[in-house]
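Have a look at the structure below, then the notes.
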Amino acid sequence: MARIRYRVRFPEPHTHMVGVELEAEGVTGPSRLVMPSWTPGSYLMREFARNVMHMEAADGSWRPLAVRKADRGSWEVDAPADGVLRARWVVNADELTVRTSHVDATHAAINGASVFAYLEGRTDEPVEIAVEPPAGWRITTAMEPAGENVFTAADYDELVDSPLEIGTHRVLEWEVDGVPHRYAVWGRGNDDPARLVADTTRIVQAERDLWGGLPYPHFTFILHLASGQGGLEHRNSTALLVDRFSFRGMGYESVLGLVAHELFHAWNGKRLRPEVLGPFDYTREAYTRELWVVEGFTTYYTDLVLRRAGLITPQRYLDKLAEMITRFQQQPGRGVQPLEESSFDTWIKFYRPDANSPNATISYYQKGALVALLLDMAIREHTGNARSLDDVMRLLWERWGARDVGFPEGTVQAVLSEVAGTDLSPVLVPMLRGTGELDFGGLLRTTGVMLSRAEPYAGPGMAGLPAPPPPREPETGMQLRVEGGRLVVAHVLAGSAGWRAGVNAGDELVAVNGFRITSPDTLQQRVLEAAPGSTLDLTVFRRDELVTVRLPAVTVPPSRLVLRAVKDATPAQQAVLADWLRTTVPAAPAAQPGATSL
Ligand SMILES: [Zn+2]
């Protein structure tokens, strides 16, 4: 069978340049070389051709062929007389994210879509890639080895789906159920390799138990220790970027969450997937209304897997869930953008956020996860806890994922109702296509876990005097960021005090009532101390001009929500809770004053 051959080299890695060659036989006419515009799993047109230089072509005898740029991402090449096309180009790879490539003196991290142009019409053919690493560098990739520094992929999609880590990285190898797993770790930090492998093993086992087996022949975690956090899913591997010093305390919980999330995509997203998500057209947007399944359900299971793997306590799971609900309830965009639309428009909205995003959009990760929670509860309620969302995932896996065929739109909706034994559309459709408030009552009914406001304890006050009223919190609606020591407004939430007062995103806060403010806390404190109904003079630089805004001093009850198991949960509720979290949750220690179910 014909084979497309690539060769990559980094003669001067410190310059960030990657040299790429492509060789194809059986080229009988003019052809077109195409650089992808996007990389699967990350829904933004990145136009990778912008990093390409020196595109040249020749025939099998190295006689030059004319190359013409044909559009923003492709080149037309004249027909070679001998049927062999050779093309070569140089890519500037200097972007350290999981969706791009990064080459420097320490390593070459290659994301295929950003480096390998393809020959139009020949993406189904097997691919061979030969790497010429600098002396002393090793290569880690999920592609099949086929000789020294040579790898093969079944087709172009597999090449692009198999990032390469090339350098002096550490490799940690172990097996789960006889299936090889490994980490390739680039960079230094406070990681504990033995603990990371042990905890990752528990995550792999928890996900295997949910789905009923491991879907891949081997799995590679490419882990970059630098700054920031991100992950990109692949079929037999994943690329992860975390803060180098995030392996202790809460930071480590977030690392494990990233691991659990990206691994979950080996099932949900890469194999079990909407039909538009593979095979791919790399030149145009892959529109889908179902990222609430791909990302939302994965996000729901991320923390649930950490809980079921015993890596977080049941109450910690509920706390994280309550944090997610709190953040969602604070986002005015939930009344504007339906969930399906958030998925469909991700190319122009979620991946291209601006100052107005909190007011106009929601995250399909976040709302999708909350919808998954409510569906899980609805199924348990309708079936007396005989079935759950886990059964939906397994049935979808059996029918679509295991066959590795994309499902048509609406499939998940139908299977949800099938497993519930009742038509869930009246519950589900408004959550997908409407913008009404989510109803968390099912959580209380089913599990005896109640959502309430985080009212602080208000017992007897000092020296037996009556306790002060529970504190309120300032509601400025201004989300601030510190930029080079300056306090700048990032977002102004629609309808808030700051919004009504005319604060603008981009305003630099200078003073409140004539006194300098240097931290977000100072503003909060001044609002709390102001008399109710009064206003504060807020001095800001707006486009370098001093402007004073009169900010109403508004306070509200605490907006943070908490989830607690109620004391008088029924045995049935306790049973569902135990099955859901694979454990029991102690009831809240004392009734909280003013706590009301939401
Ligand atoms: Zn994801």
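Here are a few things to note about the model shown:
- Normalised by residue count, segment 169-266 yields a Cα convex hull volume of 82 Å³ per residue.
- Relative contact order for segment 169-266, counting Cα pairs under 8 Å that sit 6 or more residues apart, in percent: 28 percent
- Cross-link pairs exceeding 23 Å in C-alpha to C-alpha distance, out of K270/K320; K320/K367; K270/K367, comprise K270/K320.
- Here the extension length gained between A194 and E47 equals 49.0 nm, from 0.36 nm per residue of separation less the Cα-Cα distance.
- Positive end of the dipole of the chain (Cβ unit charges, origin at the Cα centre): among Y156, G484, L44, the Cα lying farthest that way belongs to G484.
- A 1.4 Å probe run over segment 4-168, with the rest of the protein chains in place, finds 39 Å² accessible per residue.
- Straight-distance candidates among the aspartates and glutamates for linking to K567, with alpha-carbon spacing under 19 Å and chain neighbours fewer than 8 residues away dropped: D319, E455, D579.
- Karplus (6.51, -1.76, 1.60) ³J(HN,Hα), θ = phi - 60°, over segment 391-400, in Hz, Gly and Pro reported as x: 5, 4, 4, 5, 5, 4, 5, 4, 7, 10
- Unit charges on C-beta of K, R, D, E only; dipole of segment 473-556, Debye: 120 debye
- Accessible surface of T283 - all protein chains present, 1.4 Å probe, nearest 10 Å²: 50 Å²
- Whole-percent carbon and sulfur share, accessible surface of the chain, 1.4 Å: 51 percent
- Candidates per GluC sites (Glu not before Pro) in segment 120-206, loop by DSSP, up to 14 other Cβ within 10 Å: E120, E148
- Peptide ranges 419-428, 528-537, 129-138, 98-107 listed from the most packed, as the mean C-beta count within 10 angstrom indicates: 98-107, 419-428, 129-138, 528-537
- Among beta bridges that DSSP assigns inside segment 169-266, antiparallel share in %, nearest 5: 45 percent
- Kirkwood-based shape ratio for segment 4-168, expressed as Rg/Rh from alpha carbons: 0.94
- Counting only alpha carbon atoms, the long axis of helix 193-211 and the longest principal axis of the chain meet at about 90°.
- Selection of GluC sites (Glu not before Pro), segment 237-277, meeting DSSP coil and at most 14 other Cβ within 10 Å: none
- Cα-projected label distance for R5 with T548, points at 7 Å along beta-carbon direction, nm: 7.7 nm
- Solvent-accessible heavy-atom area per residue, rounded to whole Å², over segment 169-266 at 1.4 Å: 35 Å²
- Degrees, to the nearest 10: 314-329 long Cα axis against longest axis of the chain: 90 degrees
- Kirkwood hydrodynamic radius of the chain, Cα pairs, Å: 26.8 Å
- Computed from phi, the 3J(HN,Hα) profile of segment 421-429 under the Karplus parametrisation 6.51, -1.76, 1.60 (θ = phi - 60°) reads x, 7, 6, 8, 3, x, 8, 6, 4 Hz, with x in place of Gly and Pro.
- Rounded tilt (10° steps) of 411-420 against the dominant C-alpha axis of the chain: 50 degrees
- Taking 0.36 nm per residue of separation and subtracting the current Cα-Cα distance, fully stretching the chain between S227 and D537 would add 107.8 nm.
- Segments 286-299, 485-498 sorted - mean Cβ within 10 Å per residue, highest first: 286-299, 485-498
- Projecting the Cα atoms of V204, G189, Y216 onto the charge dipole of segment 169-266, computed from C-beta unit charges around the Cα centre, puts G189 farthest toward the positive end.
- Loop trypsin sites (Lys or Arg not before Pro), segment 22-61 (other Cβ atoms within 10 Å of the site Cβ: 10 or fewer; DSSP): none
The values are calculated or read from the model by the stated rules, or taken from the named source; none is laboratory data. As the structure is a prediction and not an experimental result, all values here were calculated from the model. Note: ideal-geometry Cβ built from the backbone for every residue, glycine included; neighbour counts use all protein chains shown. Just the protein is used for accessible areas: all its heavy atoms, side chains included, with ligands, DNA and RNA removed. Shrake-Rupley method; radii C 1.70, N 1.55, O 1.52, S 1.80 Å.
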